[in-house]
1. At least 1 residues that are at pLDDT below 75 in each: list the helices (runs of 4 or more DSSP H) lying fully within region 270-331 that qualify.
2. Give the residue that is farthest from the chain's Cα centre (by Cα), with candidates limited to residues of region 26-43 that are basic (Lys, Arg) and surrounded by 15 or more Cβ atoms within 10 Å (Cβ to Cβ).
3. May I ask you to list the residues in region 41-56 that are modelled with pLDDT of 75 or more and either in a loop (DSSP other than H, G, I, E, B) or at positive phi (or both)?
4. Of the residues Ala133, Ala137, Ala126, which single one is in contact (Cβ under 8 Å) with a residue 60 or more places away in the chain, farther than 16 Å from Ile190 by Cα and more than 17 Å from the chain's Cα centre (by Cα)?
5. Just to be sure before I move on: is Ala194 closer than 17 Å to Ile182 by Cα and in a loop (DSSP other than H, G, I, E, B) in the structure I sent?
6. Does region 149-189 hold any residues that are surrounded by 17 or more Cβ atoms within 10 Å (Cβ to Cβ), aromatic (Phe, Trp, Tyr) and over 24 Å from Asp62 (Cα atoms), and which are they?
7. Could you list all residues from region 130-158 that are within 20 Å of Ile182 (Cα to Cα) and among the charged types (D, E, K, R)?
8. Of the residues in region 220-245, how many are surrounded by fewer than 12 Cβ atoms within 10 Å (Cβ to Cβ), farther than 17 Å from Pro275 by Cβ and without any contact (Cβ under 8 Å) to a residue 24 or more places away in the chain?
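The values are calculated or read from the model by the stated rules, or taken from the named source; none is laboratory data. Computed from a prediction, not measured in an experiment: that's the story for all the values here. Here the Cβ positions follow ideal geometry from the backbone for every residue, glycine too, while neighbour counts run over all protein chains shown.
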Amino acid sequence: MKYSLNFGIWNSVFAVPTQIVDKHLKLCGVAHLKVLLLLLRRAGEAVELADLAAALNLSAGDTQDALNYWIGAGVLCALPDEDSVRLTVPSTNAEPAPAFPVASQTPAPRPSGSPPKLRLTSAEIAKLARSSAEFQALLTETEAALGKTLTSSDLATLASLYDWAGIPADVLLTVIEYCRQIGKTNLRYIEKVAMAWQERGIDTLEKAEHYIRESLEADKRQQLCKAAFGIYDRALTSKECEYIRTWFCDYGFDLPVIKLAYERSIENTGKLSFPYINKVLSNWRSQNIRTPEQVAKESSAFARQKAEQQKPKSSYDIDELEAYLAGSTPK
């Protein structure tokens, strides 16, 4: 069998500048590429915003955002006093003056508590990526860590955390790796964690690594207790997590002893009760009972004491009974 190229569709082609692929493919979104491809197809024509939006089935806002991106990149230029744009030759020397507001070079006041409200535009993100090798590396390593291509929304989230919230790139990457380890790879979740860390004052790699170790250890302890207590259908409450932290960290008990306290809760109350388990462990701690063997001895002593308390008491005088049986009057 012989093969030959089908030149049917290749008889009508248009060029795409290499700079588009080399510098912008990772930064721009699907809408940005659609807008550019259509403009490249109509090279030399003045194209209006409404026509672009209708042809690509995009909203006017998304279309304008894409146009702003390519104008900022120097690929497009807006025609004066007209609601239309025209392709221009990308500059490889000086960076073009953007035809849109850009983020201030003076850092904005840092937020406290809530996620960043400011969202950089696509053009501002592209400008940031061109001017900051650290931010470029952040984007590359984030994609590698999450195993996916970042969307325009993802890029906006990372840019906001890095540029507006002022979170260092190494701390952000540590947040991303932590979230990946616990199976949370959505950028919205990562954003919440990053802002929570900032509120806690976790602003260096050392602090971040220390917090991760503590968090993973806490999660391990909680999972052990959930399995020991037979909790499979719900998450632990914050109060229950605090009880578990107290048992392991403050009281210094290991899981076998904690499980014995759980069993005593079931025996005496008929249910799982974190306050009851805490009371049992607090008593054992005050008695310096630390091992299952010591618990067993304490349980035996407790059982004997309980049996003595439940033994019926005599309602008669032993001396009178002995005297009666001997046939004499007691003295």
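1. Qualifying helices (runs of 4 or more DSSP H): 292-310, 318-326.
2. Arg42
3. If the condition is that a residue be modelled with pLDDT of 75 or more and either in a loop (DSSP other than H, G, I, E, B) or at positive phi (or both), then Arg42 is the only one that fits.
4. Answer to the check: Ala126.
5. No.
6. Hit for region 149-189 is Tyr178, nothing else.
7. Once the filter is applied, which keeps residues that are within 20 Å of Ile182 (Cα to Cα) and among the charged types (D, E, K, R), region 130-158 yields Glu141, Glu143, Lys148, Asp154.
8. 5
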